[in-house]
1. In debye to the nearest 20, how big a dipole does the protein assembly as shown give about its Cα centre with +1 on each Lys and Arg Cβ and -1 on each Asp and Glu Cβ?
2. If the limit is 21 Å between Cα atoms, which of B:K167/B:K200; A:K24/A:K276; A:K86/A:K162; A:K116/A:K141 go over it?
3. What fraction of the Cα pairs in region A:132-254, stated in percent, has a spacing above 17 angstrom?
4. Would you kindly derive the ³J(HN,Hα) couplings of region A:75-80 from the backbone phi angles with the Karplus curve 6.51 cos²θ - 1.76 cosθ + 1.60 (θ = phi - 60°), listing them in order in whole Hz, with x for Gly and Pro?
5. Quick one: Debye curve from the C-alpha atoms of region B:98-153, no solvent, what's log10 I(q)/I(0) at q = 0.12, 0.27, 0.29 Å⁻¹?
6. What do you get when you divide the Cα radius of gyration of region B:232-311 by 2.2 N^0.38 Å, with N the number of residues?
7. Mind computing the radius of gyration and Dmax over the alpha-carbon atoms of the protein assembly as shown? Å is fine for both.
8. Express as a percent, rounded to the nearest 5, the fraction of DSSP beta bridges in region B:3-301 (both residues included) that run antiparallel.
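We did not get these values from a lab; they are worked out from the coordinates using the rules stated. Predicted model, so just to flag it, every value in this text is computed and none were measured. Note that we place each Cβ from the backbone using ideal geometry, even for glycine, and neighbour counts take in every protein chain shown.
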2 protein chains.
Amino acid sequence: MSKLVIVGTVAFDAIETPFGKTDKILGGAATFIGLAASQFNVDAAIVSVVGGDFPQEYLDLLSDKNIDISGVEIVKEGKTFFWSGKYHNDMNTRDTLATELNVLADFNPVVPVGYKNAEVVMLGNLHPLVQMGVLEQMNKKPKMVILDTMNFWMDCALEELKAVIKKVDVITINDEEARQLTGEYSLVVAARKIHEMGPKYVVIKKGEHGALLFHEDNVFFAPALPLEEVFDPTGAGDTFAGGFAGFLAKTEDYSFENMKNAVIYGSTLASFCVEKFGTERMKKLNEKEVYQRLDQFKQLTQFEIVLENIL
Amino acid sequence: MSKLVIVGTVAFDAIETPFGKTDKILGGAATFIGLAASQFNVDAAIVSVVGGDFPQEYLDLLSDKNIDISGVEIVKEGKTFFWSGKYHNDMNTRDTLATELNVLADFNPVVPVGYKNAEVVMLGNLHPLVQMGVLEQMNKKPKMVILDTMNFWMDCALEELKAVIKKVDVITINDEEARQLTGEYSLVVAARKIHEMGPKYVVIKKGEHGALLFHEDNVFFAPALPLEEVFDPTGAGDTFAGGFAGFLAKTEDYSFENMKNAVIYGSTLASFCVEKFGTERMKKLNEKEVYQRLDQFKQLTQFEIVLENIL
């Protein structure tokens with residue numbers, strides 16, 4: 001089993017959906033990534049920062065999942081990063097109501113000594129300079145570096161983003177971001193242009209329309225599980241990335257064939273995430289539920305056409 | 001091999017896309033359905049109507065594919081149905097520029113005597129009273145009746161549409177139409193409500209986002225093949241339906257498992273349709289190309305997770 005380093009926000013979220021609203025609850029990219037990866041019992045560490053206002057019980061929640069949090073700096077006099085958003089009725093689009101960087105503004109990530117040799121590094125959505133800072137602390141080249149990002153960094157730190165993209169093996173990005181990054185409408189063409197920027201593997205997340213994995217001329221697609229209702233999409237993309245990274249760290253098989261499985265695990269875990277507010281569903285998820293849903297994914301996608309004399 | 005009756009328009013289309021525009025070319029739901037179904041060498045007949053302005057070469061094209069056109073009425077003094085549309089840059093939405101019903105306004109479908117006992121009936125998009133008229137001419141209950149429709153009939157002939165929906169086994173409908181028909185945003189819930197209206201099988205077409213097949217509590221999903229560019233989406237939905245119906249008529253296996261394969265064949269054929277204007281690609285399609293693309297679909301969707309002790 002490989003070690004996994006996760007960098008990203010550990011934060012407060014306040015969420016409003018057509019189904020209800022929350023006060024400040026546990027959120028953040030690294031939180032969702034960590035909870036998803038912890039399903040695989042990998043040796044994972046989160047590198048992040050919180051303020052003195054961050055409840056000990058939230059940190060305990062991560063520790064209880066066997067996630068190393070020695071790399072989560074606590075700035076006693078500071079306030080934790082806060083995001084607030086409101087989803088529209090279609091649950092595919094949202095308005096950001098508030099973004100308070102707080103302690104994130106001066107964050108200098110420090111990778112714990114015991115994790116500087118991790119084989120898998122998951123760079124969650126953060127300023128590309130912070131992502132680069134984590135990569136530079138690794139004392140050997142990781143087997144697999146996965147980067148998630150968002151349009152915000154394309155708008156305000158494009159050169160820094162391109163520099164870190166150049167150094168990663170896998171990028172996970174949503175469809176609109178892939179189009180913005182490349183100026184191409186076709187996702188097939190966009191993926192090819194992103195390949196040329198560095199990553200050998202490109203994952204394009206399409207929300208309720210699933211995810212595409214590109215590698216050279218190969219492409220694999222995993223649908224999102226059709227759900228009766230999506231309760232809260234917050235964290236679904238991070239949960240996907242955490243499942244993807246956790247599965248690779250667990251299996252230590254970085255072939256395209258196994259990466260297909262990683263995409264399926266990521267989609268499976270994301271399908272749970274959206275069932276409740278915030279981390280509520282993920283923190284109580286058990287093995288049996290995951291296996292049942294994996295089986296649903298098989299039913300959903302697998303078929304048996306024999307390429308014989310049908311035509 | 002079963003007989004297949006296809007009812008739908010045989011028409012002129014004029015199409016404008018970001019890639020170019022056409023004069024009046026061969027189009028119509030029954031045309032696309034017939035061309036797709038003809039890939040399976042089934043014994044198919046089209047029931048439709050054209051005007052005296054319809055070129056013999058278009059009729060010959062259908063005959064040459066072994067499609068029986070004795071049920072295509074030619075109204076010598078009339079003009080053929082004409083549709084004109086312009087696609088937006090995203091190729092997912094379009095404006096209708098012209099719809100001239102012409103001979104379609106007084107169309108009374110007549111099923112050829114030799115096809116009144118067909119096992120499979122494909123009711124292409126037309127007035128629901130015409131669809132019902134075809135069903136009433138069958139002299140035994142077909143094994144499988146498939147209905148395609150569109151929002152236009154929900155707006156202006158909802159009761160007649162519901163009456164025919166009640167009598168079919170499979171409905172193919174796009175996502176927005178499924179939402180309009182049921183008032184439900186969730187496609188899972190919409191499919192359940194449509195089941196209650198009659199059809200045991202519900203296929204929801206999501207264009208570039210693939211297609212869902214629902215049956216009782218089972219659901220199957222086929223993606224659209226990711227393409228570098230979609231040249232002209234006209235007829236893709238009909239081509240899907242024609243592939244679906246043709247495959248079932250060919251295999252005579254109406255189980256859910258085999259219907260999954262029918263969905264995959266439908267998606268495969270539709271992926272060719274959009275590569276060129278109108279019927280241009282479909283009329284030249286050969287067996288080898290279809291098999292190669294089916295193999296691409298396998299690569300795209302099939303994975304091999306062993307549900308063992310990963311977690």
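1. On the way: 60 positive and 88 negative charges, 127 e Å.
I would put it at about 600 debye.
2. A:K86/A:K162
3. On the way: 4400 of 7503 pairs.
The share of Cα pairs beyond 17 Å in region A:132-254 comes to 59 percent.
4. For region A:75-80, the Karplus-derived couplings read 8, 4, 7, x, 10, 6 Hz, x marking Gly and Pro.
5. Log-scaled intensity ratios, in q order: -0.31, -1.17, -1.27.
6. Working: Rg = 15.0 Å, N = 80, 2.2 N^0.38 = 11.6 Å.
For region B:232-311, the normalised Cα radius of gyration is 1.29.
7. When restricted to Cα atoms, the protein assembly as shown yields Rg and Dmax of 26.7, 88 Å.
8. Expressed as a percentage, antiparallel bridges in region B:3-301 total about 40.
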